[in-house]
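Notes to accompany the following structure.
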Amino acid sequence: MADDTDSSGISFTAFYTGEVWQRHGLSVPFLSSVQGRRLYIAGRPVEWLGKWLIGANNEILLLQRHLIIDDIVRRAIRDEGVTQIVEIACGLSPRGTRFSREFAGKGLVYIEADLPGMAARKRHLLEKAGELGSAHRVIDINILEQGTTDALETVFARDLDPARKTLVITEGLINYFDYATIHGFWTRLANCLRAFPAGIYVSDLYPNFHWHRFVRIADRLKSGLAIATRSHVTLHFDTEADIHDGFRAAGFAQTRVHLPESYYGVLEIPEQRIPSIVRVLENRVKPHQ
Ligand SMILES: C[S@@+](CC[C@H](N)C(=O)[O-])C[C@H]1O[C@@H](n2cnc3c(N)ncnc32)[C@H](O)[C@@H]1O
């Protein structure tokens, strides 16, 4: 990356994940894209091979992370009174539309955020579908910028209501950056979230668990993804204890690590033959019992 704050090379991956949500009935028709359909078809041979050889593939991991994040967000709204959601790196995620519909009339504000190009596309699609309003908006953000109009601190001060219990989501974002860069973002995010009556940060994570066969495969594939996205694809944290230490160091008071296996038979999530490699993290700036 020539410019240290330009990670727009990652944006095309949102078309692939967007199509996965479509194919599994998790999305809404107006968020489908030609690019997504093409990428999905191109990815079929590798996905089929993975399923056939080891009983696991990227698509299963995507669905596991998506549905577990949904479950955590839904519980935070229902049980803890969260009324402000910010989905950073939203891409073509249908979550904003689905949650806005599910909690219509219950005071939920859902803010989708992405780099300006992807945000403009999302805003246009939602506007055309009649889904935008003061309670469901799309804003520009760049998690790498500081002191600009799209920087996290500026966006939070300008676009968020400090009186609301707030939950931030990132999905499919953090493994595109090296540790120092993403840890810097987490530290700034924890700092911003402390201003709200409750501050929760939910994200997926692909850890660097060497004992895991899939990690050894992913380790080999990551340089290809790094070249395609012009980013620094990195698997973060060697152990679960490291995850807790890393988020504590970033300023979070509590971290829960969710394993897909603990949701088998609880949520309708796809299961795989080998242990899952994706984790969903639920971080809080103030502890919750
Ligand atoms: C893999 S896609 C994930 C999209 C969506 N969250 C999902 O799971 O379907 C990665 C997203 O990160 C966004 N992105 C890349 N760099 C970013 C940055 N510096 N700040 C905010 N978003 C960024 C891209 O535009 C893209 O929408």
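The values are calculated or read from the model by the stated rules, or taken from the named source; none is laboratory data. The model shown is predicted, which means the values in this text are computed figures rather than measured ones. Using ideal geometry, Cβ is built from the backbone for each residue, glycine included, and neighbour counts are taken over all protein chains shown. Ligands, DNA and RNA are excluded from the accessible area calculation, which covers all protein heavy atoms including side chains. Shrake-Rupley method; radii C 1.70, N 1.55, O 1.52, S 1.80 Å.
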Enumeration of residues in segment 65-91 that are touching an Asp or Glu at 6+ places or on another chain (Cβ under 7 Å) and away from the ligand (no atom under 15 Å from the Cβ): Gln84
Evaluation of Asp79 against (1) surrounded by 16 or more Cβ atoms within 10 Å (Cβ to Cβ); (2) of a type in the set (Asp, Glu); (3) closer than 28 Å to Val257 by Cβ (one fails), failing number: (1)
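Taking the stated definitions as given, is Arg230 at pLDDT below 95, in contact with a helix residue (DSSP H, G or I) (Cβ under 6 Å, 6 or more places away or on another chain), basic (Lys, Arg) and surrounded by fewer than 20 Cβ atoms within 10 Å (Cβ to Cβ)? Step through it out loud before you land on a result.
Numbers: at pLDDT below 95: yes; in contact with a helix residue (DSSP H, G or I) (Cβ under 6 Å, 6 or more places away or on another chain): yes; basic (Lys, Arg): yes; surrounded by fewer than 20 Cβ atoms within 10 Å (Cβ to Cβ): yes.
When the stated conditions are applied, Arg230 passes them.
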Enumeration of residues in segment 124-157 that are open to solvent by 50 Å² or more (accessible area, probe 1.4 Å), farther than 14 Å from Thr5 by Cβ and within 14 Å of the ligand (Cβ to nearest atom): Glu153
Pairs, first under 16 Å from Ala76 (Cβ atoms) in segment 152-168, second surrounded by fewer than 15 Cβ atoms within 10 Å (Cβ to Cβ), C-beta under 7 Å, six or more apart: Lys165/Glu80; Lys165/Gly81; Lys165/Pro197
Pairs, first under 14 Å from Ser8 (Cβ atoms) in segment 113-135, second within 11 Å of the ligand (Cβ to nearest atom) and open to solvent by 40 Å² or more (accessible area, probe 1.4 Å), C-beta under 6 Å, six or more apart: Leu115/Ser8; Pro116/Asp140; Ala119/Asp140
Segment 193-214: number of residues that are within 16 Å of the ligand (Cβ to nearest atom) and open to solvent by 20 Å² or more (accessible area, probe 1.4 Å): 1
Residue in segment 11-31 that is modelled with pLDDT under 95 and farther than 21 Å from Ser276 by Cβ present: yes
Extreme residue, nearest to the ligand (Cβ to nearest atom), among residues of segment 1-41 that are open to solvent by 70 Å² or more (accessible area, probe 1.4 Å) and part of a loop (DSSP other than H, G, I, E, B): Phe12
Arg220 being of a type in the set (D, E, K, R), under 20 Å from the mean Cα position of the chain (by Cα) and open to solvent by 70 Å² or more (accessible area, probe 1.4 Å): no
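Could you pull out every one of the helices (runs of 4 or more DSSP H) wholly within segment 47-131 that has 1 or more residues that are aromatic (Phe, Trp, Tyr)? Break it down into steps so the answer makes sense when it comes.
Numbers: elements: 58-80, 95-102, 116-128.
Per the criteria, 95-102.
Give, as residue ranges, the helices (runs of 4 or more DSSP H) completely inside segment 149-235 that count at least 3 residues that are under 20 Å from Asn283 (Cα atoms). Lay out the reasoning, then the answer.
Working: elements: 152-159, 179-193, 213-229.
Filter on segment 149-235 gives 152-159, 179-193.
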Residue in segment 45-58 that is touching a residue at least 60 places away in the same chain (Cβ under 8 Å) and open to solvent by 20 Å² or more (accessible area, probe 1.4 Å) present: yes
